[in-house]
Structure formats: C-alpha cells, structure tokens
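Only one structure is covered here, and it is reproduced in the block below.
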Amino acid sequence: MVFRLSAAYAVITITLLSLFGAFLYWSLKESLEVGARNTLADKISVMRQILRERPDDQEALEEEVQWESTARRRSVYYSRLLQDNGTLVIQSAGAQNLIPELSLCPSPAAEDRSIGETREFRLASERTLLIGSAWAISDVAGKSGMNQSQRFIYTVALDTTPEQNILHDYRDKLLLVLIGGSLISAVAGTYVARRGIRPIKEISAAAHRITANALAERVGSTAWPRELAGLATEFDAMLQRLEDSFQRLSQFSADIAHELRTPINNLMGEAEVALSRDRTSKEYARVIASSLEEYHRLAELIHSLLFLARAENADLSLHKSWFQVADELAQLLSYHELQATESEVTLNFSGDAKLLADITLFRRAISNVVANALKHTPATGNVAVEVRPLRDAVKILVKDDGVGIPAEHLSRVFDRFYRVDASRATAMPGTGLGLAIVKTIVELHGGSVTIESELGKGTLVTLVFPLPEQTLSTDHQHCDPTR
C-alpha cells in the first residue's frame, strides 16, 4: 500500500510539473516570438518612413541598413532593399550570405500592413534567423516635375539565436526540475504514506492481540488521527458487543450444563437404585412415574431453549390477530385458578382493550408472569392483573404482595437461568427461563417489560404491547370496567 501511495504521489507530481513547465515554456516562447516580430515590424516601419519622407537621403539609408544593424549588441539584424524589379539598392554587411534569395523569402506584406508572414531559417553555423519582407513606396520627383511612385521590397533578417539559446536553457532547467521534483515527491510520498499507514498498522497490531481470552483489549485508548478515530470507536463498540455476547454464551453454556446435569443425575440415580435388586412391578412403576417427572422437566427446558434460540435468530414468525385482552385473560386465569386455590392466593383481573398480537405468545408471556407471581406469593396474598389501554399501546400490569425481590437483583431477573435465591432453586419447580421468555416475547412485538419490587411488599411487572400506527384511534381501544 505504501508503494502504491508513493507511486500515486510521484505520478501526480510529475503530471503537475509537466503541465506547469509546458505552459511556462509555451508562454516564454510566445513572448520571444512576439518580441521578434515587433522588432521586424519596427525596422520595416522605419524604412518605409525614410523612403516616404526622404527618398533621396542616401546617408539615412546607409545609417539604417549598414550602420544601425552592425552597431546593435542585442537584436542584431540584417536587411536588404530591392527595387520591385529585383535590383539591389542597399544591404547590410554580410547580408548576401545570410538572407536567401527573394524566391525563398516569405511573401512581402502589403503597404497597409506592418508585417506579414515570417519564416525561420536555421543556418549551418547553428544560427537562427527570423525573416520578414514588406513592400515600401517612395515618391521621387520626375523629369517633368511630377512626383512618381517607386516600389521597393525591404527584407529584414533578425538574429534570434540568443532567444533560441534562452529557450534551450529554459527547457533543460525544466527537465532538471521535473526529474528532481519527481525524486523528491517519491521520497516525500513514501515518508508521508508510511506515517499515514502507521496508525492502521497499530490498529491491526491491537486487533491481533485480541483473542477469545483477551476480549477486554481496546484500540480506542490511543489518540488516533481524526480520520481513524471513528473507526477505532466503532471497532471498540464491536469488541464490547462481542465480549458481552461471549460472556453471555459462556454463562449460558455453564447454566445449561448445570440445569441438564441435575435431572440427568436424578434419572441415573433412580435407575441405578431400581436395578440394584429385583423389584416388583409396582416398585418399577413408581420409578418410571418418578422418572417421567424429570422427563417432563427436561422437555420443558429444551422447548424453552429452542424458543429463545429461534427468537434470537429471527427464525420465529408472528401470527398476529386482533383480540379482546379480557377474553384471553379470563381463560388464562381460569387455568391458574387451581394453583391459586391450593396456595390460598386470590387471583383477579380488571380492565380490557383490543390488541393486535400473536395470541399464543401473548398467553405464554402472561402465563409465565402470573405463574411466577403465584409461586412467590404467600397464603392469603393477592395477585392482580390490570389492563390499561393507552393511545398507542396496551399496558398490562401484574402485581402481587409477595416476598419481593432485593434491588441488586432487579437488573438480572430477565437473564436466563437467573434465580434470586439459588438455594431455593431445587425446592421450587421451574427452568429459570420464564421471565427471559417473557422479555423475548414482548420485544418480538416491539414492546417493553419492566419490573419493580420491594422486599416484603411485593412485585409489579409491567408489559407494554404497542399498537399499529394506523389503528391509534380510540375505536380500537376501549375499557369495560364492569368486567
């Protein structure tokens, strides 16, 4: 990755330097060419002015053509003046060897144009000339005393060798800058890329240190760059979820092993005792009947575990339908009436509402809460179920005046296999999964369940089942206080 980033930096730098250098080179070349053309235009303008205003001034012609060109240290030029029939009038020293014949020169510019086409010639001596031609007119007095116009071709050859040398030198320096900039960008890019990748390597090293036995390791404790701080935070949050899930899984495995070990040990003990000597058919029947109770307990445990596993894996579909809560509670509480009568506990309910839910799961959730309340309510106690219709939900409260739950246990009563008093676990029937199943059923419906309790005064469990948004009108909820 460092190599790819460094190569990308180098390519971008080379591209930018090349474009910038090409633009500067083109700008300089255009500027020098414009300057050279302007110099040619100035020389042509001066010659036209001499021929127009002083056509008989031979001294002015010689000064401009022969002396001016040789006296210049920069922008040296050579010129030649011809009549329109090709007769030589005057030329600079050495012009005969530098200015080509008329047929090879560019076409002369018309009298109304300062300069026309120009042409560049490269000589064998590695000198470069920029040549331009133009027509010039002079008015000469004739024998009759009338002015007569005479046409001339004025050719100027400007020595642009210094400008070409400047361009060549500039091009060489640009190449040096391009090569040097590429090398520097490659080195700098490698350095920057390594510094930029270093935090990712550190995160990788921290992640490598995390194992099943070291899930408490975190990467967010380091001051990461702003670009990686969010990644580190999310990674730590994922680790926290994994750690919580792993702890729950470990605890779940330990709990299920413990819960299965007890009934299996009971079954093995009874079987060993039964087989220790010959017994009558009635004695074997009693052993089988006792074993059957353990089988039912195992079946209930396995069924509950399967239900929770399916709910967690989103493999449980809800079959919702509208029903009156009071009708279902009446049937449900009649089932628990025998248990309440044996325990000398008063069981009643009040209120009604119309609810959209899975009836089977609803019955199971309410039944688990009521059975748990009856189990922990002493004789002459009360267990009351109240239905409260709300605007957007149905609230069901199950209240008992039993022994209550210590405050430190309230946050865990919905955990699987959790029992407030472990020493009484074997004395009271159950799997320890009842409230966990209640919480799962309510959450499957999008609701919530809470518990409040005070030692010696009782417990209140509140289940909230939400209503669909399109049915929040009061005609889908009503309360019948006479029921």
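The values are calculated or read from the model by the stated rules, or taken from the named source; none is laboratory data. This one's a predicted model, so the numbers in the text were calculated from it and none came from an experiment. Glycine also receives a Cβ, built like all others from the backbone with ideal geometry; neighbour counts cover every protein chain displayed. Side chains included, ligands, DNA and RNA excluded: accessible areas come from the protein's heavy atoms. Shrake-Rupley method; radii C 1.70, N 1.55, O 1.52, S 1.80 Å.
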Once both axes come from the Cα atoms, what is the angle between helix 2-53 and the longest principal axis of the chain, in degrees from 0 to 90, rounded to 10?
20 degrees
On a full-extension model of 0.36 nm per residue, what is the gain between residue 8 and residue 241, subtracting their alpha-carbon distance, rounded to one decimal in nm?
80.0 nm
Cα-based Rg/(2.2 N^0.38 Å) for segment 304-392, rounded to two decimals, is 1.22
Equivalent ellipsoid semi-axes - Cα gyration tensor, segment 171-230, angstrom:
41, 11, 5
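Express the carbon and sulfur contribution to the solvent-accessible surface of the chain as a percent, rounded to the nearest whole number, probe 1.4 angstrom.
Values: 15890 of 28530 Å².
Using a 1.4 Å probe with all protein chains present, the chain comes out at 56 percent carbon and sulfur.
Based on the Cα gyration tensor of segment 212-306, what are the three equivalent ellipsoid semi-axes, each the root of five times an eigenvalue, rounded to whole Å and given largest first? Don't skip to the answer; put the middle values down first.
On the way: eigenvalues 578, 30, 5 Å².
Gyration-tensor ellipsoid for segment 212-306: 54, 12, 5 Å.
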Can you tell me the convex hull volume per residue for the chain, based on C-alpha atoms, in Å³ to the nearest whole number?
350 Å³
Round to the nearest 0.05 the FRET efficiency obtained for residue 388 and residue 15 when R0 = 60 Å and r is the Cβ-Cβ distance.
0.25
Spin-label point model (7 Å from Cα, Cβ direction): what's the residue 216 to residue 260 distance in nm?
3.0 nm
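Give the residue list of GluC sites (Glu not before Pro) in segment 74-135 that are DSSP loop and have at most 16 other beta-carbon atoms within 10 angstrom. Present the calculation step by step, with values, prior to reporting the outcome.
Values: sites: 101, 111, 117, 120, 126; in loops: 101, 111, 117, 126.
Passing both the DSSP loop test and the Cβ count: 101, 111, 117, 126.
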Nearest-0.05 FRET efficiency for residue 319 and residue 443 at R0 = 25 Å, using Cβ-Cβ distance, is 0.90
Averaged per residue, what accessible surface does the chain expose to a 1.4 Å probe, in Å²?
59 Å²
Could you order the peptides 398-411, 367-380 from most to least packed, using the average number of other C-beta atoms within 10 Å per residue?
367-380, 398-411
Distance in nm between label sites at residue 90 and residue 123, each 7 Å beyond Cα in the beta-carbon direction?
2.2 nm
